[in-house]
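Below is one structure; the comments refer to it alone.
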Amino acid sequence: MANDTGAPTGSRSLGFCGGSLDRAAVFRGEPDWVARKRAEPTARLIRLNGDKVRIEAGALHYETTVDGDAIFLGIDSHGNAVFAGEAVEPLDNAQDLRNLAIEAKLPASDLAMLAQARSLLHWHQRRRYCSNCGHELEMKDGGYRRHCSHCTSDHFPRTDPVVIIIVRSGDDVLLGRQSSWPEGRFSALAGFMEPGETIEEAARREVFEETGIRVGAIRYVASQPWPYPSSLMIGLIGEALNRDIVIDEKEIEVARWFSRSEAQAMLDERHADALSVPPPMAIAHKILIDALK
């Protein structure tokens with residue numbers, strides 16, 4: 001199926017993209033400024049329990065009392081300071097972030113804010129002690145730095161870059177699947193970047209390791225924050241230099257070439273064998289659409 005321009009049918013906005021908060025990096029390093037924002041009557045707190053958040057009447061539930069250890073997220077378009085904190089107990093009316101994104105139940109800016117909150121909270125939970133000397137760390141800069149008063153080292157939140165690529169050979173595209181995925185689900189090939197690699201080098205390595213396919217030209221498509229726990233998906237399209245597939249069974253269950261018409265049928269959820277691709281909120285969906293243009 002195509003749209004009026006003849007291009008493959010498109011998708012909704014990518015999940016967790018479209019952040020609109022002013023992160024106030026110039027001010028959040030001042031403890032007094034953060035404390036004032038925390039105490040403002042308009043300050044709001046998002047409470048997460050792992051990957052879940054409370055939803056009331058189809059909208060995010062905010063608390064109006066901000067804990068002293070809550071993480072500063074930013075200033076919203078109304079001038080309100082927004083913070084995030086971890087719930088000790090399970091939340092009422094809690095919904096999973098992934099499902100909220102898949103079903104597009106919240107505005108894009110809310111989903112982006114939740115991804116930011118989830119990534120930062122996860123980092124703080126696992127960065128309580130200094131990796132240099134073992135002493136307990138203190139939260140600084142509203143939650144964007146942890147400081148060791150013993151050895152004076154600073155620790156900053158990290159984001160792990162992941163290359164995700166669809167390889168083309170003429171009108172065919174290469175897709176693979178892992179055994180843990182839903183039955184019939186195929187997607188782009190992906191893997192974490194390693195130290196000393198460019199984006200292109202990482203993509204070529206991953207594709208060759210998993211499928212034996214050599215990749216030549218590569219172009220960038222888009223990126224997507226992925227808060228599981230804190231990755232950045234870097235979406236690419238590559239051109240194959242060979243077609244003989246040799247899979248690494250430790251990495252993927254199967255990989256195969258799909259024709260343009262078959263891949264489009266998967267996008268349109270009308271594949272004869274009920275094969276599918278990730279939903280529109282996932283960057284693999286967008287890359288596939290672009291690869292078929």
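The values are calculated or read from the model by the stated rules, or taken from the named source; none is laboratory data. These numbers were taken from a predicted model, which means no experiment stands behind them. Here the Cβ is made from the backbone with ideal geometry for all residues, glycine too, and neighbour counts use every protein chain on show. Ligands, DNA and RNA are excluded from the accessible area calculation, which covers all protein heavy atoms including side chains. Shrake-Rupley method; radii C 1.70, N 1.55, O 1.52, S 1.80 Å.
Axis angle, to the nearest 10 degrees, between helix 108-125 and the longest C-alpha principal axis of the chain: 70 degrees.
Can you give the accessible area of F27 in Å² (nearest 10), computed on protein heavy atoms with a 1.4 Å probe? Accessible area, nearest 10 Å²: 100 Å².
Here the alpha carbons of the stretch 138-288 define both size measures, Rg and Dmax, at 18.1, 63 Å.
Entry note, the stretch 25-81: relative contact order of 35 percent, from Cα contacts under 8 Å with a spacing of 6+ residues. In the complete set of protein chains, residue-level accessible area for V277 is approximately 20 Å², probe 1.4 angstrom.
What percent does the relative contact order of the stretch 92-184 come to when contacts are Cα pairs within less than 8 Å and at least six residues apart?
Result for the stretch 92-184 is 13 percent.
Amide hydrogen proximity for I245: with H placed 1.01 Å from N in the peptide plane, no residue at 5 or more positions away or on another chain lies under 5 Å.
Looking at the square roots a ≥ b ≥ c of the eigenvalues of the Cα gyration tensor of the stretch 117-197, which shape do they give, rounded for a/c under 1.5, prolate if a/b is larger than b/c, or oblate? Show your work: numbers first, answer last.
Numbers: a/c = 3.67, a/b = 2.76, b/c = 1.33.
It comes out prolate by the Cα gyration axes.
The share of accessible area on the stretch 145-259 that comes from carbon and sulfur is 50 percent, using a 1.4 angstrom probe.
Quick one: compute the contact order of the chain, relative version, from alpha carbon pairs under 8 angstrom and 6+ residues apart, as a percent.
Across the chain, relative contact order equals 19 percent.
Suppose R0 equals 35 Å; then what is the FRET efficiency for S169 and R126 from their Cβ-Cβ distance, rounded to the nearest 0.05? Mind dumping the intermediate values first?
On the way: r = 41 Å, r/R0 = 1.18.
Efficiency for this residue pair is about 0.25.
Surface calculation, 1.4 Å probe, protein heavy atoms: D51 sits at approximately 50 Å² accessible. Rounded to 0.05, the FRET efficiency of the H150 and D69 pair, given R0 = 30 Å and the Cβ-Cβ distance, is 0.90.
Sorting W181, W33 on solvent-accessible area from highest to lowest, probe radius 1.4 Å, gives W181, W33. Reported to the nearest whole Å, the Cα centre-to-centre distance from the stretch 186-210 to the stretch 223-262 is 9.
Ordered by solvent-accessible area of protein heavy atoms (1.4 Å probe), largest first, the residues H150, H78, H61, H155 come out as H78, H150, H61, H155. For R23, the residues whose amide H sits under 5 Å from its own are I75, ignoring neighbours fewer than 5 places away on the same chain, with H placed 1.01 Å from N.
For the full complex of protein chains and a 1.4 angstrom probe, list E209, E183 by accessible area with the highest value first.
E183, E209
Under 1.5 on a/c is rounded, so check that first for the chain, then, if it is not, pick prolate when a/b is larger than b/c and oblate when it is not; a ≥ b ≥ c are the square roots of the alpha carbon gyration tensor eigenvalues.
On the way: a/c = 2.45, a/b = 1.69, b/c = 1.45.
Here the chain falls in the prolate category.
Within the straight-line cut-off of under 19 Å between alpha carbons, the aspartates and glutamates reachable from K105 are D51, E56, D92, D96, sequence neighbours fewer than 8 places apart in one chain being disregarded. Computed over protein heavy atoms with a 1.4 Å probe, the accessible surface of the chain works out to 50 Å² per residue. Strictly under 4.7 angstrom between C-beta atoms: which cysteines of the chain have no such partner? Result for the chain is C17, no neighbouring Cys Cβ within the cutoff.
Quick one: pull the percentage of alpha-carbon pairs in the stretch 40-137 with a separation above 19 Å. Cα-Cα pairs in the stretch 40-137 separated by more than 19 Å: 43 percent.
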